[in-house]
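Take a look at the structure set out below.
The values are calculated or read from the model by the stated rules, or taken from the named source; none is laboratory data. Quantities reported herein were computed from a predicted structural model and do not represent experimental measurements. Reconstructed Cβ throughout: ideal geometry from the backbone, glycine too, with neighbour counts over all protein chains shown. The protein model used for the area step is the full one, side chains on, heavy atoms only, and it has no ligands, DNA or RNA in it. Shrake-Rupley method; radii C 1.70, N 1.55, O 1.52, S 1.80 Å.
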Amino acid sequence: MPPAGASSRAEQRAALAAIVHERATNPYFGDLIARCEEDSTLSGDAGSAEAANIREFRREYDKRTKLPGDLVKALARTGSESQQAWKGAREASDFAMFAPWLEKMVDLARRKAECLGAPEGGELYDALLDIYEPRATAKEVEAIFTPLRDRLSGLVADLLDKGRAPARDPIDITVGTAQQHELGQFVLKSLGFDMNAGRLDVTTHPFCSGMAPGDTRLTTRYREHAFTDALYGTMHEGGHGLYEQGLPKLGVNGMSRFGQPLGDSISLGIHESQSRLWENLVGRSHAFVEWLLPHARRFFSAGGASPLDSVGVDDLYGAVNQVERSYIRVESDEVTYNLHVMLRFEIERSIISGDLSVRDVPGAWNETFERLLGVPVPDDRRGCLQDVHWSFGLMGYFPTYCLGNLYAAQLWESVKREISDLDDQIRRGEFLPLLEWMRKNVHQHGKRYSAGELCERVTGAPLSADPLLRHLEGKFRPLYGV
Ligand code: ZN
């Protein structure tokens with residue numbers, strides 16, 4: 001879409017949102033759900049597909065009808081103005097410019113949480129978290145994050161203060177964007193992404209969109225001097241895409257679940273577990289790098305020599321597993337990423353509870369950042385102004401990024417128990433048994449279970465920080481020699 005089309009697109013989106021909201025909150029729809037609930041042939045067996053659908057339709061209907069139309073509109077309108085103000089403030093690296101807007105958005109987010117209502121014994125923040133991670137609470141998340149935060153903070157200090165970082169230069173090479181695009185498509189197809197039911201294109205901000213059954217769109221961005229950024233970005237979005245393609249939308253035995261909760265993803269945390277699994281646990285493993293290297297050489301050699309000819313498997317493996325004390329979340333690595341997320345969770349939770357006022361955000365941010373990562377924040381642009389989320393009222397969203405890493409690591413331990421030669425399969429480029437496992441254990445269920453229930457069913461245990469810690473410690477300590 002050309003830039004000049006943006007405002008008419010915004011009008012169209014607002015109109016569609018209003019129509020959808022009106023239909024989804026129509027009392028007739030509520031009556032239909034109530035009739036299904038009363039019909040024991042539909043809802044009698046709590047474990048059935050129908051009962052799960054009815055339960056989730058009810059949940060969604062109740063949520064939507066609790067939000068007054070004027071609040072929905074205010075969030076949309078003030079949110080887009082606030083996002084503009086955030087852009088300017090970030091460029092100027094001046095939090096004071098953004099503070100009045102953030103105050104407005106926090107008020108609106110709090111009003112939204114009050115309308116939705118906190119669960120019994122819970123806090124206001126839970127109502128927001130529940131939108132993105134149904135049935136999770138701040139207290140449960142905190143109980144998992146706290147041990148993770150403390151051990152990771154120590155791991156980062158050990159790796160960077162006592163360890164020896166692997167060399168970065170093997171990936172500091174120049175690769176044309178057309179060659180990068182060919183490699184990205186080849187990798188996606190190898191992982192099992194169905195190009196007949198999806199595409200890969202280029203945008204400024206990479207995303208995955210499950211537009212409709214049979215139409216999953218992925219995007220990436222290329223820079224000639226950083227081919228691994230695009231490669232791992234593509235694998236990340238590809239992981240989201242494999243989940244979308246595995247949801248029972250197209251219909252099995254003539255039964256399409258499109259438009260039903262059973263055809264939809266469980267939560268943002270589970271969605272992110274799928275992207276992180278393919279990006280990090282597969283993509284940044286030694287076995288994967290061993291498979292990848294000869295293919296990358298082939299795609300990058302324009303009929304002659306390839307810039308990767310002199311690079312060995314161990315060199316490439318080390319280069320794609322750098323740990324750094326970066327300020328920016330989206331540029332951070334497998335280890336520090338979680339610390340960046342936990343910082344945001346702590347701050348937004350105290351904003352919503354009222355313990356932290358908006359004007360004290362930069363101070364709290366900088367102090368927590370230094371405590372967790374060991375370096376001071378140089379300015380607001382690289383501090384509390386870096387993310388767009390809060391500017392349009394997205395609070396309760398950040399923890400799902402870290403939950404994704406936790407779920408991925410826990411699922412990964414189960415996969416490894418069940419597919420004993422997984423590493424060898426990956427080394428040979430055989431990714432389908434792993435994909436089949438995800439299809440069977442995660443994708444095909446849609447929203448039948450909550451994230452916590454699915455985790456217990458599949459891995460035999462509730463979500464814990466241990467699998468992720470075992471993975472990160474087991475991988476990075478030997479790599480850094482500490
Ligand atoms: Zn993602």
Residues that are outside any helix (DSSP H, G or I) and in contact (Cβ under 8 Å) with a residue 40 or more places away in the chain: does the stretch 29-39 have at least one?
no
For the stretch 389-436, enumerate the residues that are open to solvent by less than 10 Å² (accessible area, probe 1.4 Å) and modelled with pLDDT under 95.
Ser391
Cys36 is checked against (1) under 25 Å from Tyr132 (Cβ atoms); (2) open to solvent by less than 60 Å² (accessible area, probe 1.4 Å) and fails just one. What number does that condition carry?
(1)
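Name every residue in the stretch 129-139 that is touching a residue at least 60 places away in the same chain (Cβ under 8 Å) and under 17 Å from Met342 (Cβ atoms), in order of residue number.
Narrowing the stretch 129-139 to residues touching a residue at least 60 places away in the same chain (Cβ under 8 Å): 129-136, 138.
Once the filter is applied, which keeps residues that are touching a residue at least 60 places away in the same chain (Cβ under 8 Å) and under 17 Å from Met342 (Cβ atoms), the stretch 129-139 yields Leu129, Tyr132, Glu133, Ala136, Ala138.
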Of all the residues that make up the stretch 258-274, how many are within 16 Å of the ligand (Cβ to nearest atom) and either of a type in the set (Asp, Glu) or in a helix (DSSP H, G or I) (or both)?
7
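Any residue in the stretch 68-77 that is assigned to a helix (DSSP H, G or I), over 20 Å from Ala14 (Cβ atoms) and of a type in the set (A, V, I, L, M)? Spell out the reasoning first.
Looking only at the stretch 68-77, we keep the residues that are assigned to a helix (DSSP H, G or I), and these are 69-77.
Applying the additional criterion that residues be over 20 Å from Ala14 (Cβ atoms) yields none.
No, there is no match, as no residue in the stretch 68-77 is assigned to a helix (DSSP H, G or I), over 20 Å from Ala14 (Cβ atoms) and of a type in the set (A, V, I, L, M).
On the basis of being within 19 Å of the chain's Cα centre (by Cα) and within 27 Å of Glu324 (Cβ to Cβ), does Val156 make the cut?
Numbers: within 19 Å of the chain's Cα centre (by Cα): no; within 27 Å of Glu324 (Cβ to Cβ): yes.
When the stated conditions are applied, Val156 does not pass them.
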Only one of (1) open to solvent by 20 Å² or more (accessible area, probe 1.4 Å); (2) out of contact with any strand residue (DSSP E or B) (no Cβ under 7 Å at 6 or more places or on another chain) is not met by Gly246, so which one is it?
(1)
Confirm whether Val335 is part of a loop (DSSP other than H, G, I, E, B) and at pLDDT 95 or above.
yes
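Give Val313, Val323 a once-over and let me know the one that is closer than 19 Å to Arg284 by Cα and open to solvent by 30 Å² or more (accessible area, probe 1.4 Å). If you could, list the steps in order and put the result at the bottom.
On the way: Val323 fails: open to solvent by 30 Å² or more (accessible area, probe 1.4 Å).
Exactly one residue qualifies, and that residue is Val313.
Condition check ((1) among the charged types (D, E, K, R); (2) open to solvent by less than 20 Å² (accessible area, probe 1.4 Å); (3) away from the ligand (no atom under 16 Å from the Cβ); (4) at pLDDT 95 or above) across all residues:
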| site | (1), (2), (3), (4) |
| --- | --- |
| Asn196 | no, no, yes, yes |
| Phe207 | no, no, no, no |
| Gly210 | no, no, no, no |
| Leu218 | no, yes, no, yes |
| Glu224 | yes, no, yes, yes |
| Phe227 | no, yes, yes, yes |
| Thr234 | no, yes, no, yes |
Among the listed residues Ser306, Ser275, identify the single one that is in contact with a helix residue (DSSP H, G or I) (Cβ under 7 Å, 6 or more places away or on another chain) and touching a residue at least 60 places away in the same chain (Cβ under 8 Å).
Ser275
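Test Ala51 against the stated conditions and say whether it is surrounded by 11 or more Cβ atoms within 10 Å (Cβ to Cβ), assigned to a helix (DSSP H, G or I) and aliphatic (A, V, I, L, M). If you could, list the steps in order and put the result at the bottom.
Values: surrounded by 11 or more Cβ atoms within 10 Å (Cβ to Cβ): yes; assigned to a helix (DSSP H, G or I): yes; aliphatic (A, V, I, L, M): yes.
Here the answer is yes, as Ala51 does meet what is asked.
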Selection within the stretch 47-66 - touching a residue at least 60 places away in the same chain (Cβ under 8 Å) and among the small types (Gly, Ala, Ser):
Ala49, Ala52
Suppose we filter the stretch 347-372 for residues that are outside any loop (DSSP other than H, G, I, E, B) and crowded, with 17+ Cβ neighbours inside 10 Å; how many remain?
14
Could you check the stretch 97-155 and list, in sequence order, the residues that are β-branched (Val, Ile, Thr) and crowded, with 22+ Cβ neighbours inside 10 Å?
Val141
What is the one condition in (1) at pLDDT below 95; (2) closer than 30 Å to Phe299 by Cβ; (3) touching an Asp or Glu at 6+ places or on another chain (Cβ under 8 Å) that Pro119 does not satisfy?
(2)
Condition (residue is within 18 Å of Glu436 (Cα to Cα), modelled with pLDDT of 95 or more, open to solvent by 10 Å² or more (accessible area, probe 1.4 Å) and within 11 Å of the ligand (Cβ to nearest atom)) applied to the stretch 275-286: is it met by at least one residue?
yes
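May I ask you to list the residues in the stretch 236-257 that are of a type in the set (D, E, K, R) and more than 16 Å from the ligand (Cβ to nearest atom)? Explain how you work it out, then say what you get.
Filtering the stretch 236-257 down to residues of a type in the set (D, E, K, R) leaves 237, 244, 249, 257.
Within the stretch 236-257, Lys249, Arg257 qualify.
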